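The values are calculated or read from the model by the stated rules, or taken from the named source; none is laboratory data. Computed from a predicted model, the values in this text were never measured in an experiment. Note that we place each Cβ from the backbone using ideal geometry, even for glycine, and neighbour counts take in every protein chain shown.
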Amino acid sequence: MSKQKTKIQKNFQLVKLIFPIFISNWIRKVTTAFVTPIRFSINSGHFKSSLSQKALDKNGQPLPWYSYPAIEFLKTKNFSNKTVLEFGSGQSTLWWAKVSKSVKSFEKDETWYKNIKENIPNNVQVIHLQEETEIEILNTIEQILKLENKKYDVIIIDGLFRKQLCKTAMLYLKEFGIIITDNSEGYGFKEAFDGTGFKRVDFHGFSPGVVLKQATSFFFKDQSFIFENDSEIKLDY
């Protein structure tokens, strides 16, 4: 049992001693209704993310702009020896840089590129795509990846041409790797992976600084390192 939970329970025990049962129960229900979303917003970083319009944790450190259930799951895994490929850079690039061996990220938006370029560590390479048309951009990505002839443990599709890049992601994924698609409730991801032999797990929920729920999905073959039973079950907040 967490220390936070024990502290909350102790405080409520005092309420039960002071007030009659019907009043203490009413206090408990109302307190739960109001305190829970406030605690979630502050402790998850959602409040800070909303004000800054960036995906941040409660300490102001970068988070991926994925759903919180997906973020919490990823935080329990060890990526220190894993290589990451991103189609679309951002706060996630900075987060992956801290937890993984290396990150390669493709970005079209010049503002995002300049912002990320100023903050990346040595294990990150951000490639600015200056081509104009969809075909030109996809061809450039394919040429770069084909020339390097390298496969990746984790591939993220978040930005750029999401459905169109699914085939590229499958081609350059390691055997036991994983493809992460953000905002997967749209963009045609299901259709893109139909008939490919990839399995899917969805993480539905709120995301940093966003009002509506969204889905972040993991695509993988028969098995993936991400689902190995090698991490503790714990909560950060």
**Report entry** Residue satisfying all of: in the stretch 42-56; surrounded by 17 or more Cβ atoms within 10 Å (Cβ to Cβ) and not aliphatic (A, V, I, L, M); farthest from TRP95 (Cα to Cα) among these
**Finding:** PHE47
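Residues checked against (1) at pLDDT 90 or above; (2) of a type in the set (Lys, Arg):
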{"position": "ASN122", "(1), (2)": "yes, no"}
{"position": "GLU132", "(1), (2)": "no, no"}
{"position": "THR140", "(1), (2)": "yes, no"}
{"position": "GLN143", "(1), (2)": "yes, no"}
{"position": "ILE155", "(1), (2)": "yes, no"}
{"position": "GLU175", "(1), (2)": "yes, no"}
{"position": "ILE180", "(1), (2)": "yes, no"}
{"position": "ARG200", "(1), (2)": "yes, yes"}
{"position": "LYS221", "(1), (2)": "yes, yes"}
Report task. Sort out which residues of the stretch 24-64 are among the polar types (S, T, N, Q), assigned to a helix (DSSP H, G or I) and under 22 Å from the mean Cα position of the chain (by Cα), and write them in order of number. Result -> SER41, ASN43, SER44, SER49, SER50, SER52
**Report entry** strands (runs of 3 or more DSSP E) lying entirely in the stretch 122-237 (those with 1 or more residues that are out of contact with any helix residue (DSSP H, G or I) (no Cβ under 7 Å at 6 or more places or on another chain), in contact (Cβ under 8 Å) with a residue 24 or more places away in the chain and among the hydroxyl-bearing types (Ser, Thr, Tyr))
**Finding:** 152-157
Report task. Scan the stretch 32-52 residue by residue and report those that are free of Cβ contacts under 8 Å to residues at least 12 places away in the same chain and of a type in the set (Val, Ile, Thr). Result -> THR32, VAL35, THR36, ILE38
Report summary line: Of LYS114, LYS98, LYS77, the only residue that is more than 16 Å from ASP158 (Cα to Cα), under 15 Å from the mean Cα position of the chain (by Cα) and either surrounded by fewer than 15 Cβ atoms within 10 Å (Cβ to Cβ) or of a type in the set (Phe, Trp, Tyr) (or both) is LYS98
Requested in this report: Check GLY195 against each of (1) at pLDDT below 95; (2) crowded, with 19+ Cβ neighbours inside 10 Å; (3) over 17 Å from the mean Cα position of the chain (by Cα) and name the one condition it does not meet.
Outcome: (2)
Query - Pairs with Cβ under 9 Å, 6+ apart, first in the stretch 86-108 and assigned to a helix (DSSP H, G or I), second crowded, with 24+ Cβ neighbours inside 10 Å and polar (S, T, N, Q) - result: SER92/SER105; THR93/SER105; TRP96/SER105
Query raised in the report: So how many residues does the stretch 218-237 have that are more than 14 Å from LYS174 (Cβ to Cβ) and surrounded by 11 or more Cβ atoms within 10 Å (Cβ to Cβ)?
Result: 6
